[in-house]
1. Could you pull the Rg and Dmax for the chain, using just the Cα atoms, both in Å?
2. Separation of region 281-304 and region 74-125 by C-alpha centroid, Å?
3. For region 116-142, list residues with backbone N below 17 Å from a point placed 7 Å from the Cα of residue 101 toward its Cβ?
4. Can you tell me which of 166, 231, 197 moves the most in a GNM of the chain? Springs connect C-alpha atoms under 10 Å apart.
5. Using only the alpha carbon atoms of region 87-142, find the Kirkwood hydrodynamic radius as the inverse mean reciprocal pair distance, in angstroms to one decimal.
6. Given a 10 angstrom Cα cut-off, can you work out which residue in 296, 266, 144 is the most mobile in a GNM of the chain?
7. Work out how much length residue 244 to residue 138 would gain on full extension: take 0.36 nm times their residue separation and subtract the Cα-Cα distance, in nm to one decimal.
8. Counting DSSP beta bridges with both partners in region 9-297, what percentage is antiparallel, nearest 5?
């Protein structure tokens, strides 16, 4: 970590790129097996995809159009910037192989696009697609990011994820074995999970061949089943205030393998969709407060991590 208190994403990207690189989010028109009836209907109880769709990211626009608008936005300030096409909305490996391949290749044909980040579910990585992504990763940057969310099967069932933690372990292992950079996404504070359970997530994730990890505070979003559940039974939920969450994150990353890059600690949802918690902090402001608290606690990523002896 080069003397830093945690393994940050900027340092991670410098291993692969010499200059500035920016992600551009894409909505490629995918759906999800947990929405279309294949595994379930209605999706995960917390999910409203509007919370992470930039203004340029809409399905009526082609992938090329979305990338052009994103490049125009970021390129005004940094003309030499390179870009990663971030397939973000819904499940971006769910579909016919030819259609998936064509979408990825369209993004890579855009000038300045030097790689892909693909967000998906652990139960949506068929072998044919994995083989293609393995080959693709030998000619450009490829990171597959799995929504794991929890390592507790009881929680996964409660939030209607439609997959088990064993599915996540299998997907991460297969993807890493294929030579592809592999990331995970986790929500801290899901209903029914106390501090002990949350720390156990860090310990379990540390055993997996993960390159990156995104952390996300539990948020109540309008027009979701979870928001309705919390309104009916608020005693079943604990929504962290910002300082309490900072200490929780520090406890978490102290137990996390220091070789796993932590891309982010929080997520920001649009004010018109967010019910709670409302902290009024941007990501960089949160990180500054976190680092200050880590210094006070003399804390660092992996401080309490215990490697497994082979």
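Read-outs throughout are calculated quantities, based only on the coordinates presented, and are distinct from any laboratory measurement. The model shown is predicted, which means the values in this text are computed figures rather than measured ones. In this analysis, Cβ positions are derived from the backbone assuming ideal geometry, glycine residues included, and neighbour counts consider all displayed protein chains.
1. 18.8, 53
2. Distance between centres, Cα-based: 31 Å.
3. Label zone hits: 125-140.
4. Of 166, 231, 197, the Gaussian network model singles out 231 as fluctuating most.
5. One decimal place: 11.6 Å for the Kirkwood radius.
6. 296
7. On the way: separation 106, 0.36 × 106 = 38.16 nm, distance 4.25 nm.
Length gained, residue 244 through residue 138: 33.9 nm.
8. Details: 3 of 35 bridges.
Roughly 10 percent of the beta bridges in region 9-297 run antiparallel, per DSSP.
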